[in-house]
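Remarks on the structure that follows.
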Amino acid sequence: MLACAWFMGMAMSASAAVVDTLQVMSEKMGRTVNVLVVSPDQVRGEGAPVVYLLNGHSGDERSWLGLKPEIREYADRDNLIFVCPDGEDSWYWDSPLDKDKQFETFVSRELVAYVDNHYRTLPRREKRAITGYSMGGHGAMWLAIRHKDVFGAAGSMSGGVDIRPFPDNWNMKDRIGARDGGACNWDDYTAINQIEKLRNGDLQLLIDCGYDDFFFAVNNAFHEELLKHGIMHDYIVRPGAHTGEYWNNSIDYHLLFFLKYFESPQPR
């Protein structure tokens, strides 16, 4: 359970959605993590579904609001709560090398529990989705596949969904050791190798990537691996590169996908 959280500030958008900047306690890490939550001014009905938005490498909890300021309007319009944790270049793993980078546990367990305890959510997997860009796309796939009891739908935008072709990039060695001869087997820490844990229908999945993105090849491979295992999913390729402009456009597709999922009849 989470011990505490400190409200650092609050801002209001023109749409009247509430933006909370929090420090949420992680018991596993023994410290707080910065989290930004965008919620409707007035939650309608029994509660609001929750979309977890994960940032990429070198981003933080404010990245999504900067990329897509309209999420404040979407929160009110669509009765959604958006939760944006600072991923801290963690790749959303529980690092075996760094006790201060236990982000699989933090996001999938501790943060979800905090949000459900402090906001008017619909606290079940059928009303939770997770997506992200770049490192956050990898994180969304990694977390959703490994925690199907928590998330019902997941997306990835320009995701680094197979880390192995990039052994010297983006602080990954700091989290799991060197690619060859290090402390960990990288095959065990890449999202593409988690697909074998899925059965068709376990998750609603959307993957997209731009043609000019340096992660285009690994996204195609992820798509093919899903097909190989008989996992039905949406896969979108569009013009674009690894840029904020692409993700600003991409999030609209993901939110439409998630809204359709939230509104579809689901077992209770």
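What follows draws every value from the coordinates through simple rules; no lab data is involved. It should be emphasised that the depicted structure is a prediction, and the values quoted were computed from it without experimental measurement. Ideal geometry is used to build each Cβ from the backbone, glycine not excepted, and the neighbour counts take in all protein chains shown.
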Restricting things to alpha carbons, tell me how big the chain is in terms of Rg and Dmax, in Å.
17.3, 54
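Could you give the size of the charge dipole of the chain about its Cα centre, using +1 on the Cβ of each K and R and -1 on the Cβ of each D and E, expressed in debye and rounded to the nearest 20?
Dipole size: approximately 640 debye.
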So for R0 = 41 Å, FRET eff. of Q23-N220 from the Cβ-Cβ r, to 0.05, ends up at 0.55
Sort 131-137, 216-222 by packing, meaning the average of other beta carbons within 10 Å per residue, with the highest value first.
131-137, 216-222
Two-site label geometry, A183 and K228: point separation in nm, points 7 Å out along Cα→Cβ
3.0
Go through K28/K148; K127/K148; K148/K173; K68/K101; K228/K260 and tell me which ones have a Cα-Cα distance over 23 Å in this structure.
K148/K173; K68/K101; K228/K260
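Relative contact order for the chain using alpha-carbon pairs under 8 Å, separation at least 6, rounded to a whole percent?
It rounds to 15 percent for the chain.
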What percent do you get for the relative contact order of segment 1-150 when only Cα pairs under 8 Å and 6+ apart count?
25
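Given a Förster distance of 22 Å, report the FRET efficiency between N117 and D60 from their Cβ-Cβ distance, rounded to the nearest 0.05.
Numbers: r = 24 Å, r/R0 = 1.07.
The computed FRET efficiency comes out at 0.40.
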Alpha carbon Rg of segment 125-268, scaled by the compact-globule rule 2.2 N^0.38 Å
1.03
What's log10 of I(q)/I(0) for segment 116-203 at q = 0.12, 0.17 Å⁻¹, Debye sum over Cα points only, no solvent?
-0.42, -0.75
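Of the peptides 115-125, 200-210, how do they stack up when ordered by the mean number of other Cβ atoms within 10 Å, highest first?
My ranking of the peptides, most packed first, is 200-210, 115-125.
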Calc'd 3J(HN,Hα), segment 114-131, phi into Karplus 6.51 cos²θ - 1.76 cosθ + 1.60 (θ = phi - 60°), Hz, glycine/Pro = x, comes to 4, 4, 5, 7, 10, 10, 7, 8, 9, x, 8, 4, 5, 10, 10, 9, 9, 8
Beta bridges per DSSP with both ends in the chain, % antiparallel, nearest 5
50
Enclosed volume per residue, in Å³, of the convex hull spanned by Cα atoms of segment 4-156:
97
For the pair D100 and D202, the simple spin-label estimate (label points 7 Å beyond Cα toward Cβ) gives in nm 3.4
